[in-house]
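The values are calculated or read from the model by the stated rules, or taken from the named source; none is laboratory data. Everything numeric in this text was worked out from a predicted model, so none of it was measured. Here the Cβ is made from the backbone with ideal geometry for all residues, glycine too, and neighbour counts use every protein chain on show.
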Amino acid sequence: MASRARLAGERRAPASDSARRTGAAEGVPVVCYPFSGAAVGGSHLSVKGLIDNLGASSVSPLIVVEAGDNPIARLFPGRRVVVDPAAASGFAPGQRVSLAAYLGTLRHALRRARFLRRHGVAIVHCNDGRSCADWGLAAKLAGAKLLWHHRSDPGSVGLRFVAPLLADRVATVSRFALPPPGRWSAAARAQVVHSPFDTSIAVDRSTMRARLAEEIGLDAGGAILGFFGAFVERKRPEMFVRALADLRERTGRDVRGVMFGEARSPHMAERLAATIAETGMGQAVHRPGYRDEGWRWIAACDVLLVPAVGEPFGRTLVEAMLVQTPVVAARSGGNVEALEPDLGLLVAPDDPAALAGACAHILDRPGVALEMARRARASALERFGIDRHREAILTIYRQLLD
């Protein structure tokens, strides 16, 4: 049976020999954070921010990855990182977590349960659909508590059908992502815990804008419209291009669209290229790929455009609020929760004309846009800090172990 040590803030006695071998201090509960795949995304950054601020006397983190040298493993230097004992037998990268795919993971549950017992894991804290599907039953068999941290669509198969059976608690990144109520639902065990952000970030927007303008060859009088994130259907990269074309036509200004990200599939890459060609935006769209410290480049933009539909809670949207870049977003998913009331402009989803009109409103009224951006930053500082997130998660841990 997994250890049920209580969470506490006081100093602990020196660890025993067995505790030193596993990397856990005596009396400190072990929390397992399993990750699937190899690509680093927003969920990994959120967990890193959480772990870096938990404190050694609170929990002993155990990070589980599918390969010891992948980018996720390298995100946690100095931490206890181990390889999933069934890493080669889970979902294929990019595979949809369907009910059939979930059932295919059950044969590996015993192996993972033995792993959890061997490491004395008290709580399994899953942060994506694949890891929840892979580790949910194993947690139950090992006698560990399962915290299902949901960062996706409220209609996902795992949240609807598996979480009600296996999850002891569910945390979601927004109200939009909460499980719908019903007879078979985890809604009664769910609560919203907003993702953590480094609210200390600061950047000179004028300096960064000048740097980006020089890079893309933008003259004075032009404007920069930013898109940040993977080029996937939900984020609507083609809608961004169509809104850009409309904005250039209605304002007559040299507005450039800078798309920081990459296509996850050849099909989307082809679709995006076709849309750029169709709209004649070949000279107006720039695609520099992903860049570290994306918030610096968000600060370089005159407007962050978020056409995403059904996005539970986008990190770049909050980062824009923190660096005071005005935001225009589709009235959908977690965008509404982040930007209301009056912290950005929300428009109808999948409407490039509405998106362009809102961007034009911001570009034409810099004083109004600045005041809105200042309100957005103040709200983000209050709602999305690391300390607030840490305390919310620690409270859930305590409740699970009581």
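Brief remarks on what is shown
- Count of residues meeting criterion [closer than 26 Å to S46 by Cα, modelled with pLDDT under 95 and either surrounded by fewer than 18 Cβ atoms within 10 Å (Cβ to Cβ) or hydrophobic (A, V, I, L, M, F, W, C) (or both)] in segment 90-134: 10
- Of the helices (runs of 4 or more DSSP H) lying entirely inside segment 208-323, those containing at least 2 residues that are crowded, with 24+ Cβ neighbours inside 10 Å and either assigned by TED's automatic domain parsing to the domain that holds G344 or under 25 Å from the mean Cα position of the chain (by Cα) (or both) span 237-251, 294-299, 315-323.
- For segment 51-83, a residue qualifies if it is farther than 20 Å from R130 by Cβ, in a loop (DSSP other than H, G, I, E, B) and touching a residue at least 12 places away in the same chain (Cβ under 8 Å), and the qualifying residues are N53, L54, G55, A56, S57, S58, V59, R79, R80.
- For G334, the requirement of being surrounded by 24 or more Cβ atoms within 10 Å (Cβ to Cβ), touching a residue at least 40 places away in the same chain (Cβ under 8 Å) and within 22 Å of S195 (Cα to Cα) is met.
- Meets criteria (surrounded by 19 or more Cβ atoms within 10 Å (Cβ to Cβ) and over 26 Å from Y290 (Cβ atoms)) for R390: yes
- Between A167, A171, the distinction of being touching a Phe, Trp or Tyr at 6+ places or on another chain (Cβ under 6 Å) and either closer than 17 Å to V192 by Cα or among the acidic types (D, E) (or both) belongs to A167 only.
- The set of residues from segment 160-186 being surrounded by 15 or more Cβ atoms within 10 Å (Cβ to Cβ) and among the aliphatic types (A, V, I, L, M) comprises V162, A163, L166, A167, V170, A171, V173, A177, L178, A186.
- Residues in segment 55-87 that are aliphatic (A, V, I, L, M), farther than 23 Å from A113 by Cα and more than 19 Å from the chain's Cα centre (by Cα): A56 alone.
- Test: residue in segment 107-114 that is within 26 Å of R315 (Cα to Cα) and out of contact with any His (no Cβ under 9 Å at 6 or more places or on another chain): no
- A single entry from V193, V232 fulfils the requirement of being farther than 29 Å from G120 by Cβ and in contact (Cβ under 8 Å) with a residue 12 or more places away in the chain: V232.
- Close pairs from segment 247-273: first under 19 Å from P288 (Cα atoms), partner among the polar types (S, T, N, Q) and buried (at least 17 other Cβ atoms within 10 Å of the Cβ), Cβ under 7 Å, at least 6 apart: none
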